[in-house]
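Reading through the structure tokens given below for one structure.
Since every read-out is calculated from the coordinates, none of them should be taken as a lab result. Please read all numbers here as calculations on a predicted model, not as lab measurements. Neighbour counts run over all protein chains shown; Cβ positions are idealised from the backbone, glycine included.
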């Protein structure tokens, strides 16, 4: 599997979620990418990987594959 590169937007969103009481580790984001509960088609050929955080929340990660890495954008 290609390495996952976290965009600045993804890192910011992780901090915003933490400020709202939802702790999301980068390791969990990697798990969403490698073992999603669901994958959907996104805008301009991107994919959206989804996995449950808890019974009330899901984490969606927008994936844009590039030759050397997979950038992850939290939605």
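What is the antiparallel percent of DSSP beta bridges lying wholly in the chain, to the nearest 5?
80
Got a sec? How would 5, 60 order by Cβ neighbour count within 10 Å, fewest to most?
5, 60
Hey, what angle do you get for helix 8-19 against the long axis of the chain, alpha-carbon based, 0 to 90 degrees rounded to 10?
It is inclined by approximately 20 degrees.
By how many nm would the segment from residue 52 to residue 22 grow when fully extended, if each residue of separation counts as 0.36 nm and the alpha-carbon distance is taken off?
Net length gain for the segment: 9.6 nm.
Give me the extension gain from residue 31 to residue 7: residue separation times 0.36 nm, minus the current Cα-Cα distance, reported in nm with one decimal.
So the chain would gain 7.0 nm between residue 31 and residue 7.
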